[in-house]
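Engineer: Here it is: the structure, laid out below.
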Amino acid sequence: MSDRLAVVLIAVAWSGAVGVLGLVVGRLLRTGSLRWLPLRVALVAVLAVVAGVFGTAQAMFLSAHDFSVVLTVLLVAGVVALLFAMLAGANVVRASRSLREDTRRFGESGRFEPGRPDGRGPAEFAEFAGLSEELIRTSERLAESRAREQRLETSRRELVSWVSHDLRTPLAGLRAMTEALEDGLAEDPQRYHAQMRAEVDRMVRMVDDLFELSRIHAGVLPVGRQTVDLGDLVSETIATADPVARAKRVRLGGTVEEGALVQADPAGLSRVVANLVMNAIRHTPADGTVEISGRAVADGVELAISDGCGGIPHEDLARIFDVAWRGTQARTHNETSGAGLGLAIVKGLVEAHHGQVEVRNVGPGCRFLVRLPA
């Protein structure tokens, strides 16, 4: 065996023994402060070098003077290394404490705002900076969730208010008409029966809408996809809605490009188109026009419904698809107001098909645009 190989093996044995001992001690002290980690690393490194030099010096038969000089140099260098390790440990602890303080404020305020006025904080280290950035993104997502939850809670309260009123009024009317019929005070019983049937039908439609909306929000609405010809669907919708449009003296028409096919649930997509068309007819004044257009695009199909409603106030555009939103705070039911569920159902059904729906003011009214993937 050559002398150089022997020296290497001796150095590996002595330094390795110190390294193993350092790992064991570090394992025992792993729950301690992060401040001492750089110090332990530096101490193990220095002691490993000293042990390696000591072992090789004994094998090389160095003089006592030379060995003491080498040992002195190593000890001085080790002390300097330990001082720098302590400084590095203090910086790590300061950054971790700053991150902990930022996290505490995040828990109290719900918004993560990292950093300190002097610029010293978690961003001093890449790992802490990455953690801080992730907490910032988490804070933004939580803020969005809180805002969405607040909007949903507002919609829920409005829905309860609208529904309670819309049920209370017809129920009170039904009770009054029933009492009149029982007491024999109704001059025209047939008219009373017709009114009672109309009110019952309206309440049934409201309950059906509420049930469908609850299934949409619960994510349990079945979507049986089939190939649907958008032209046939629009033609059927126009044929169904035309009597209502004629009664209001509203012109209803539509055109769809050939070959506009989409994989969708026929009943769900028909409900989307019917709700949008009936909503447009309801809000278009006499002698106005409701126009339906459809076409195939690169990644799917587009369906647009334009009306002459006079436009939607800018502040209401963001809430137009909210549950129970009717664009008015009035509580009196009239023939032009619905239960505030139709457009919410439209959005839910479109999103169940992985599509998008939007509305904007165009010309004398507004334009609803539905995009569905092919």
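Engineer: Using a Förster distance of 45 Å, how high is the FRET efficiency between A172 and R360, based on the Cβ-Cβ distance and rounded to 0.05?
Structural biologist: 0.70
Engineer: On to the next question. From the residues G173, A245, P189, which one has its Cα farthest along the dipole of region 145-257 in the positive direction, the dipole being from +1 and -1 charges on Cβ of Lys/Arg and Asp/Glu about the Cα centre?
Structural biologist: Value: A245.
Engineer: With all protein chains present, calculate the accessible area of V220 using a 1.4 Å probe and round the result to the nearest 10 Å².
Structural biologist: 90
Engineer: Now a separate question. Over the residues of region 219-280, compute the C-alpha Rg and express it relative to 2.2 N^0.38 Å.
Structural biologist: 1.22
Engineer: Once you order the gyration tensor axes a ≥ b ≥ c over the Cα atoms, which shape class does region 198-321 get: rounded for a/c under 1.5, otherwise prolate or oblate by comparing a/b with b/c?
Structural biologist: rounded
Engineer: Compute the accessible area per residue over region 206-256, keeping the other protein chains in place, probe 1.4 Å, unit Å².
Structural biologist: Roughly 60 Å² per residue, with all protein chains present.
Engineer: Could you sort M177, M278 by accessible area so the largest value comes first, with the probe set to 1.4 Å? If you can, show how the numbers build up before the last one.
Structural biologist: Details: M177 25, M278 60 Å².
Largest to smallest exposure gives the sequence M278, M177.
Engineer: Might you work out the accessible area of T154 for me, using a 1.4 Å probe with all protein chains in place, and round it to the nearest 10 Å²?
Structural biologist: The accessible area of T154 comes to roughly 60 Å².
Engineer: So for region 211-253, Kirkwood radius off the Cα pairs, Stokes-Einstein at 37 °C and 0.692 mPa s: how many µm² s⁻¹?
Structural biologist: 252
The values are calculated or read from the model by the stated rules, or taken from the named source; none is laboratory data. Predicted, not measured: the structure shown is a model, and the values here were computed from it. Positions of Cβ are generated from backbone atoms using ideal geometry, with glycine treated the same way; all protein chains shown enter the neighbour counts. Quick note on the areas: whole protein, heavy atoms, side chains included, nothing else; ligands and nucleic acids left out. Shrake-Rupley method; radii C 1.70, N 1.55, O 1.52, S 1.80 Å.
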